[in-house]
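Everything on this sheet refers to the single structure shown next.
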Amino acid sequence: MWVLLDLPGLDVRLMKHEMFVTPDQTVETWSKRVQIGGDKSARVIDETALKQQDLLVCNSLEDRQTQTRKKKVPDKIYLPQATGMTLPRLIDLKTPEAYAFAAYNSEQNDFDMRTFTVLGKETISFGGRNVEAIRATDQAAIDAEPATLLLDEKGRLLRMEADGLEMERSTEQAVLRRFPKAAAIVKELGE
């Protein structure tokens with residue numbers, strides 16, 4: 001997953017996140033690189049993690065300081081990062097229902113209660129036409145504002161509203177037309 005966030009008054013933020021989990025969820029790995037600022041003085045945070053069975057080990061490197069944290073993973077309710085990214089495609093979207101999971105928070109070295117709620121169908125305007133969408137909310141932690149998701153019937157994101165921002169699904173070509181430097185930035189960060 002690649003993210004480029006460039007908002008007025010804030011340093012540009014770039015993020016690369018790679019995630020893997022085995023089908024039985026006994027092994028999980030991820031790596032995350034966050035760069036805050038777009039020049040040589042940018043702040044960079046690198047994080048890697050490995051989960052095997054019920055133990056998660058997370059390493060972070062920031063300002064040449066390495067920190068290693070370990071945490072026992074809660075049984076049955078733990079949500080691996082890769083699974084969390086595909087959650088709308090894995091949940092039954094036909095029935096309004098709420099789901100709760102334990103999601104690892106590396107800054108706190110603890111687990112947040114992530115809540116995903118299917119609210120129901122509605123018709124929205126998307127891509128210049130009316131389409132059927134499923135409205136859902138995704139709350140990363142109990143003290144976080146929930147994101148509102150509008151999904152297609154397969155759980156693919158159409159639109160998301162979170163923290164005052166609105167994002168819409170697009171094509172690579174449309175992104176490159178709007179942000180022609182995006183491909184160069186991704187390449188520079190190490191595809």
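Quick look at the numbers
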{"read-out": "The lone exception for Lys70 - which of (1) more than 14 Å from Ser106 (Cα to Cα); (2) at pLDDT 95 or above; (3) more than 18 Å from the chain's Cα centre (by Cα); (4) not in a loop (DSSP other than H, G, I, E, B) it fails", "value": "(1)"}
{"read-out": "Contacts under 7 angstrom Cβ, first residue in region 1-19 being on the phi < 0 side of the Ramachandran plot, partner of a type in the set (S, T, N, Q) and not in a strand (DSSP E or B), 6 or more apart", "value": "Met19/Gln81"}
{"read-out": "Residue that is in contact with a Pro (Cβ under 7 Å, 6 or more places away or on another chain), within 30 Å of Gln67 (Cβ to Cβ), surrounded by 12 or more Cβ atoms within 10 Å (Cβ to Cβ) and free of Cβ contacts under 8 Å to residues at least 60 places away in the same chain, where the choices are Phe116, Phe111", "value": "Phe111"}
{"read-out": "Ser106, sole failed condition from (1) touching a Phe, Trp or Tyr at 6+ places or on another chain (Cβ under 6 Å); (2) crowded, with 18+ Cβ neighbours inside 10 Å", "value": "(1)"}
{"read-out": "Hits in region 112-150 - residues which are more than 24 Å from Ile77 (Cα to Cα) and touching a helix residue (DSSP H, G or I) at 6+ places or on another chain (Cβ under 9 Å)", "value": "Ile134"}
{"read-out": "Options Thr95, Thr83, Thr148, Thr137: the member that is without any contact (Cβ under 8 Å) to a residue 24 or more places away in the chain and either exposed (fewer than 14 other Cβ atoms within 10 Å of the Cβ) or not in a strand (DSSP E or B) (or both)", "value": "Thr95"}
{"read-out": "Conditions (1) hydrophobic (A, V, I, L, M, F, W, C); (2) under 25 Å from Thr148 (Cα atoms); (3) free of Cβ contacts under 8 Å to residues at least 40 places away in the same chain; (4) surrounded by fewer than 12 Cβ atoms within 10 Å (Cβ to Cβ): number failed by Leu55", "value": "(2)"}
{"read-out": "All strands (runs of 3 or more DSSP E) inside region 1-54 with 1 or more residues being touching a Cys at 6+ places or on another chain (Cβ under 7 Å) and more than 22 Å from Ala182 (Cβ to Cβ)", "value": "43-52"}
{"read-out": "Neighbours by Cβ (under 8 Å, 6+ apart or cross-chain): first from region 154-172, more than 15 Å from Gly127 (Cα to Cα); second in a strand (DSSP E or B) and polar (S, T, N, Q)", "value": "Glu161/Thr148; Ala162/Thr148"}
{"read-out": "Residue match in region 159-178 (condition: touching a helix residue (DSSP H, G or I) at 6+ places or on another chain (Cβ under 9 Å) and crowded, with 17+ Cβ neighbours inside 10 Å)", "value": "no"}
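The values are calculated or read from the model by the stated rules, or taken from the named source; none is laboratory data. Note that the structure is a prediction, hence the values are computed from the model and not measured. Counting neighbours? That spans all protein chains shown, and the Cβs are built from the backbone with ideal geometry, glycine included.
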